[in-house]
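Report on one structure; see the data block that follows.
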Amino acid sequence: MTATLPQRLLRDMLRIRAVEEAIAERYAEQKMRCPVHLSIGQEAPAAAAGAALAPTDLAVSGHRAHAHYLAKGGDLKAMIAEIHGKATGCCSGKGGSMHLTDLSAGFVGSTAIVGGTVPVGVGLALARQLAGRGEMVCVFIGDAVLETGVFYESANFAALRRLPVLFLCENNLYSVYSPLSVRQPAGRSLAEAASAMGLNATAGDGNDVLASHDLIAAAAARIRRGEGPQFVELATYRWREHCGPMFDNDIGYRSPAEFEAWRALDPIARLTRQLLAGGGIDNAWLAATSGAIKDEVDAAFAFADASPFPGPEAAFTDIWSPEVAACRR
Amino acid sequence: MPSMTYGEAIRDALAVALARDPAVLVYGLGTPDPKGVFGTTLGLQATFGADRVFDMPTSENAMTGIGVGAALGGLRPVLTHQRLDFALLSLDQIVNNAAKWRFMFGGRGSVPLTIRMILGRGWGQGPTHSQNLQSWFAHVPGLCVVAPTTPEDAKGLLLNAIFGEDPVIFLEHRWLHNVTGEAPEGFYRIPFGQARRLRAGADVTVVAMSLMSLEAAHAVDHLAREGLSCDLLDLRSLNPIDWPAIDASVRRTGRLLVVDAGQETGGVAGEIIAHAATRLWGDLRAPPRRLAMPDAPEATSPALTAAYHVRAEHIAAAIAEMLGRSTDTTPLVAARRFPHDVPGDWFRGPF
Ligand SMILES: Cc1ncc(C[n+]2csc(CCOP(=O)(O)OP(=O)(O)O)c2C)c(N)n1
Ligand SMILES: [Mg+2]
């Protein structure tokens, strides 16, 4: 039996959350020795994009990319191994959590410098357009990316050339511990700013995964019809600390009340209630799905644990092409 | 003199500067947030107000150019980057405007802008959160580049940067923030272009910088117990460099080892060795040596960083070799009671 779209979205969100919570739970073991930026609470935009994009479409992202990688079809085992610094990781241990790639899934790469992959995504779209191919590129960004110059420069070029690129903005109100109020003028709409740059922009509730999916699918359809670059802003909220496994509502940059209000809008609980009530799933489906996810996550951590570390010589490979490496003596 | 951490010394310098001169501004990502840039800006906004101490958009290039303009307009801005790597977005404003302004307008106008850049390392900081690119900045005429090692120097050099008339790249290693030492109270300036002699000795001149000066001090102390005596200069200032101090030391010892915190190719160590080779040839009794990071990015996996950095044992071994001696470095390795990818017991990740 093939899954319905709502079932797929729920399953993908449950899977992302299970992975992120497993990372959070095990982080104190000190075996994942790199910064981790978790997407717990904001799984919906990733899951929605994963379903709206075709497997052959491409995606790039930033520091908070686990969810995007997984939703796009990135290999879970290779991601967990990467976070553990293992040779079997998706970057052979060289990149860690902030650098993920799975070319077979069209997830070209995520990097750690805010805004860094925005022009890269536009360049991938240029290559696709010039090759006369139908695929598009999804550029996952956060609200802070609308403060970078490179975003406006890239949007301008994308609009100029009507490139097949979707800027998908998860507006979670914060950049690290800095609220939008100290970074952008009051009343500014990110979507309107994008629209002023020539991107066709829409905005919606990023904790409503079905609505998010509708917005992204509509934008993707416009891209496929040749209507040029699109921007979708989805309002959501990060539950855990900016970087790391803990909660940080106690340190004073946001209120516990604000957190609780957003937690009540949990995208997973919301869709689960909706589908249970409407008969889209039943408790047996939920139990089976959660059980299968748990097994998969446990297997991924076991794989990472059992995997070898890269040998010391690997610290000095992949820097130059083999041709150049051979003439550096 | 009160004892304080390096991070506290930086905070103290900023507080002293803000209190002393209303022209001083302190800004950067996270400056007023609850973590206060690893504690270095904590409480400053409450004391000095949100007009002078403030957060900023994630707009490094513009906020650097705005700092240039503010400095030309009579202010003394201090801009902080939590990692040097983020400041790379502002290279245009640093190199084409800040560094050139005085020159390209024939001396009309100066840019007293201080840019703090924090150097990351370990705990999976990885390829884009751990770069030591001091040589890039030291290469640009018009910029001053300092990399203090001790709390006293951090405070005095930061105050000198703020109250001087030049654009300054102020490099603070994340692994130094918790290092404790004595630093004078109140206002004082340490001039640029002066190395600090951390250990006096006669056999080998060791020139180091930033965190590498601490590693070198461990190495030199270890060798002293074996009867070898090293003259250890903490560079402090990478441009201008204290050539007279280096010259005088090398003339006495005839041997030079330079320990660089950056990559070997095109690094500051190469510059110092070129200086020795071209100006001190007749004084050298052995080929000069350098220890630097290899020409490879820092990987994320701890398996790939274990042998990547220069540590005290490598420095000790290199010095001993230059003197035709051998040394047992096991005590240096044994003295570290925590994993190689953290600065000490106090660091529990993730940033
Ligand atoms: C150019 C640059 N400046 C600063 C940083 C530090 N930094 C890392 S994540 C982050 C927050 C970005 O916020 P946003 O884009 O809204 O994404 P979120 O973390 O909320 O998902 C910042 C400022 C960086 N990585 N790169
Ligand atoms: Mg955000």
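The values are calculated or read from the model by the stated rules, or taken from the named source; none is laboratory data. Because the structure is a prediction, the values reported are computed rather than measured. So basically every Cβ, Gly included, is an ideal-geometry build from the backbone, and we count neighbours across all protein chains shown.
Hey, does the stretch B:89-97 have a residue that's closer than 23 Å to A:H63 by Cα, crowded, with 17+ Cβ neighbours inside 10 Å and touching a residue at least 12 places away in the same chain (Cβ under 8 Å)? If you could, list the steps in order and put the result at the bottom.
Let us first name the residues in the stretch B:89-97 that are closer than 23 Å to A:H63 by Cα, namely B:89-91.
Those still in the list that are crowded, with 17+ Cβ neighbours inside 10 Å too: B:89-90.
Still in the running and touching a residue at least 12 places away in the same chain (Cβ under 8 Å): B:89-90.
Within the stretch B:89-97, one or more residues are closer than 23 Å to A:H63 by Cα, crowded, with 17+ Cβ neighbours inside 10 Å and touching a residue at least 12 places away in the same chain (Cβ under 8 Å).
Name every residue in the stretch B:303-318 that is more than 7 Å from chain A (Cβ to nearest Cβ) and either within 12 Å of B:H218 (Cβ to Cβ) or part of a helix (DSSP H, G or I) (or both), in order of residue number.
B:T305, B:V310, B:R311, B:A312, B:E313, B:H314, B:I315, B:A316, B:A317, B:A318
Please specify each residue of the stretch A:186-212 satisfying the condition of being touching a residue at least 60 places away in the same chain (Cβ under 8 Å) and of a type in the set (G, A, S).
A:G206, A:S212
Looking at the stretch A:232-251, can you tell me whether even one residue there is more than 16 Å from ligand 2 (Cβ to nearest atom), crowded, with 22+ Cβ neighbours inside 10 Å and in contact (Cβ under 8 Å) with a residue 12 or more places away in the chain?
There is no residue in the stretch A:232-251 that is more than 16 Å from ligand 2 (Cβ to nearest atom), crowded, with 22+ Cβ neighbours inside 10 Å and in contact (Cβ under 8 Å) with a residue 12 or more places away in the chain.
Go through the stretch B:2-50 and report how many residues are out of contact with any His (no Cβ under 9 Å at 6 or more places or on another chain), in a loop (DSSP other than H, G, I, E, B) and farther than 14 Å from B:E185 by Cα.
14
Out of the residues in the stretch A:167-183 that are more than 11 Å from ligand 1 (Cβ to nearest atom) and not in a helix (DSSP H, G or I), state the one that is nearest to A:M136 (Cα to Cα).
A:F167
Is there a residue in the stretch B:117-129 that is charged (D, E, K, R) and either within 14 Å of ligand 1 (Cβ to nearest atom) or out of contact with any Lys or Arg (no Cβ under 9 Å at 6 or more places or on another chain) (or both)?
The initial filter retains those residues of the stretch B:117-129 that are charged (D, E, K, R), namely B:121.
If we keep only those that are either within 14 Å of ligand 1 (Cβ to nearest atom) or out of contact with any Lys or Arg (no Cβ under 9 Å at 6 or more places or on another chain) (or both) too, we end up with none.
The answer is no, given that none of the residues of the stretch B:117-129 is charged (D, E, K, R) and either within 14 Å of ligand 1 (Cβ to nearest atom) or out of contact with any Lys or Arg (no Cβ under 9 Å at 6 or more places or on another chain) (or both).
Tell me, which residue of the stretch A:208-240 that is within 16 Å of ligand 1 (Cβ to nearest atom) and of a type in the set (V, I, T) is farthest from the other protein chains (Cβ to nearest Cβ)?
A:V232
Check B:G324, B:G344, B:G282 and return the single one that is modelled with pLDDT of 95 or more, part of a loop (DSSP other than H, G, I, E, B) and over 23 Å from B:S135 (Cβ atoms).
B:G324
Specify which of the listed residues (A:A292, A:A306) is more than 14 Å from chain B (Cβ to nearest Cβ), exposed (fewer than 14 other Cβ atoms within 10 Å of the Cβ) and either touching a Gly at 6+ places or on another chain (Cβ under 9 Å) or within 16 Å of A:E21 (Cα to Cα) (or both).
Answer to the check: A:A292.
Is at least one residue of the stretch A:168-181 more than 30 Å from B:G39 (Cβ to Cβ) and modelled with pLDDT of 95 or more?
yes
How about the stretch B:289-302: which of its residues are closer than 23 Å to A:A314 by Cα and not in a helix (DSSP H, G or I)?
Once the filter is applied, which keeps residues that are closer than 23 Å to A:A314 by Cα and not in a helix (DSSP H, G or I), the stretch B:289-302 yields B:L291, B:A292, B:M293, B:P294, B:D295, B:A296, B:P297, B:E298, B:A299, B:T300, B:S301.
Please go through the stretch A:123-166 and give me each residue that is away from ligand 1 (no atom under 16 Å from the Cβ), farther than 21 Å from A:A218 by Cβ and surrounded by fewer than 24 Cβ atoms within 10 Å (Cβ to Cβ), ordered by number.
Matches in the stretch A:123-166: A:G123, A:L126, A:A127, A:L130, A:A131, A:G132, A:R133, A:N156, A:F157, A:L160, A:R161.
Kindly evaluate B:T327 against the criterion of being touching a helix residue (DSSP H, G or I) at 6+ places or on another chain (Cβ under 7 Å), surrounded by 14 or more Cβ atoms within 10 Å (Cβ to Cβ) and either within 14 Å of another protein chain (Cβ to nearest Cβ) or more than 25 Å from A:R33 (Cβ to Cβ) (or both).
Yes: the conditions hold for B:T327.
B:T5: of a type outside the set (A, V, I, L, M, F, W, C) and either outside the structural domain of B:W175 (by TED's automatic domain parsing) or touching a residue at least 40 places away in the same chain (Cβ under 8 Å) (or both), yes or no?
yes
Examine the stretch A:196-216 for a residue that is within 16 Å of ligand 2 (Cβ to nearest atom), buried (at least 23 other Cβ atoms within 10 Å of the Cβ) and farther than 20 Å from A:R238 by Cβ, and state whether such a residue exists.
The answer is no; no qualifying residue exists.
Anything in the stretch A:184-195 that is within 14 Å of ligand 2 (Cβ to nearest atom) and part of a helix (DSSP H, G or I)? List them, or say none.
The one that is within 14 Å of ligand 2 (Cβ to nearest atom) and part of a helix (DSSP H, G or I): A:L190.
How about the stretch A:105-124: which of its residues are within 15 Å of the chain's Cα centre (by Cα) and small (G, A, S)?
Hits for the stretch A:105-124 are A:A105, A:G106, A:G109, A:S110, A:A112, A:G115, A:G116, A:G121.
Just a yes or no: is a residue in the stretch A:80-88 in contact (Cβ under 8 Å) with a residue 40 or more places away in the chain, under 16 Å from the mean Cα position of the chain (by Cα) and more than 16 Å from ligand 2 (Cβ to nearest atom)?
Yes, some residue in the stretch A:80-88 is in contact (Cβ under 8 Å) with a residue 40 or more places away in the chain, under 16 Å from the mean Cα position of the chain (by Cα) and more than 16 Å from ligand 2 (Cβ to nearest atom).
Need at least 3 residues that are within 14 Å of chain B (Cβ to nearest Cβ) and of a type outside the set (G, A, S) per element, so show me which helices (runs of 4 or more DSSP H) inside the stretch A:32-111 make the cut, counting only ones lying wholly within it. Can you show your working first?
On the way: elements: A:44-52, A:66-71, A:76-83.
Helices (runs of 4 or more DSSP H) meeting the threshold: A:76-83.
State whether the residues of the stretch A:257-274 include one that is at pLDDT 95 or above, within 14 Å of chain B (Cβ to nearest Cβ) and either assigned to a loop (DSSP other than H, G, I, E, B) or crowded, with 20+ Cβ neighbours inside 10 Å (or both). If you could, list the steps in order and put the result at the bottom.
Just the residues of the stretch A:257-274 that are at pLDDT 95 or above, to begin with: A:257-274.
Still in the running and within 14 Å of chain B (Cβ to nearest Cβ): none.
No, because not a single residue in the stretch A:257-274 is at pLDDT 95 or above, within 14 Å of chain B (Cβ to nearest Cβ) and either assigned to a loop (DSSP other than H, G, I, E, B) or crowded, with 20+ Cβ neighbours inside 10 Å (or both).
Which residues, counting only those in the stretch A:129-154, are away from ligand 2 (no atom under 16 Å from the Cβ), under 30 Å from A:H37 (Cα atoms) and out of contact with any Gly (no Cβ under 7 Å at 6 or more places or on another chain)?
Step one: filter the stretch A:129-154 for residues away from ligand 2 (no atom under 16 Å from the Cβ), giving A:129-138, A:149-150, A:152-154.
Remaining after also requiring under 30 Å from A:H37 (Cα atoms): A:135-138, A:149-150, A:152-154.
Of everything in the stretch A:129-154, those that are away from ligand 2 (no atom under 16 Å from the Cβ), under 30 Å from A:H37 (Cα atoms) and out of contact with any Gly (no Cβ under 7 Å at 6 or more places or on another chain) turn out to be A:E135, A:M136, A:C138, A:G149, A:Y152, A:E153, A:S154.
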